[in-house]
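Structure first, then comments.
Laboratory data are not the source of any read-out in this text; all were calculated from the coordinates shown. Fair warning: this is a prediction, and the values are worked out from it, not measured in the lab.
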């Protein structure tokens, strides 16, 4: 992992200022000079690794947050497959089948999805092209929440390659190869 010292420095400065600390006060808490803090914040040097836990504690954040420059770091410890996404979407229909389409659970689930996604879910699940659009959207939402997706699975499982290409675009943007 390459570190962007300028971005890290800017982030340390933002965090320090948000806590109402001067460079001198932060340095005093960490037993380093204000000049050292100034160098970190200008991106000229990095805090010593042994200081990171204390720096994170003083700034009320994590070492990961500091080293990422405040950017969200995604570890992709969870995985989503096309089959999983289809099964999840099909579960909404299963609620209607098992509990009845007039049941509050089913009505609430469908109304919530319709409102949030600006669609008519029951129409989408009954049209193959639209159903795959829902599957693609479900996978994209998972990718945006830190899930890993295997693009060979996506390419193999989608009948309409347009949806596979859209998922690939989001996966590429998330750094998934």
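Rg (Å, one decimal) plus Dmax (Å, integer) for the alpha carbons of the stretch 69-116?
In Å, with Rg to one decimal and Dmax whole: 15.7, 50.
Given the -39500 (n - 2.57) contribution per DSSP H run of 4+ residues, what per-residue ellipticity at 222 nm results for the chain, rounded to the nearest 500 deg cm²/dmol? Write out the running numbers ahead of the final one.
Numbers: 11 runs with 117 residues, N = 177.
Result for the chain, helices only: -20000 deg cm²/dmol.
What relative contact order, as a whole-number percentage, does the chain give when Cα pairs under 8 Å and 6 or more residues apart are counted?
On the way: 173 pairs, mean separation 32.9, N = 177.
Rounded, it is 19 percent for the chain.
Mind jotting down a quarter of the surface of the convex hull over the alpha carbons of the stretch 33-89, in square nanometres, one decimal? Intermediate values should be presented prior to the final figure.
Numbers: hull surface 24.1 nm².
Averaged projected area of the stretch 33-89's Cα convex hull equals 6.0 nm².
Tell me which label goes with the value of Cα Rg over 2.2 N^0.38 Å computed from the coordinates here: (i) 1.15; (ii) 1.49; (iii) 1.21.
Label (ii) holds the value from this structure.
Run through all the Cα pairs of the stretch 78-173 and give the fraction in each 5 Å bin from 0, expressed as whole percent.
In order of increasing distance, the bins hold 3, 14, 23, 23, 18, 12, 6, 2, 0 percent.
Once the principal axes of the Cα atoms of the stretch 123-165 are found, what is the range along each, listed largest first in whole angstroms?
Answer, in whole Å and largest first: 29, 20, 12 Å.
Return the tail of the calculated pair distribution for the stretch 5-67, meaning the percent of Cα-Cα pairs more than 20 Å apart. Before the final figure, lay out each step's value.
Working: 129 of 1953 pairs.
Cα-Cα pairs in the stretch 5-67 separated by more than 20 Å: 7 percent.
Strictly greater than 14 Å: what percent of every Cα pair in the stretch 36-128 meets that? Spell out each step's value before the answer.
On the way: 3298 of 4278 pairs.
That tail contains 77 percent of the Cα-Cα pairs.
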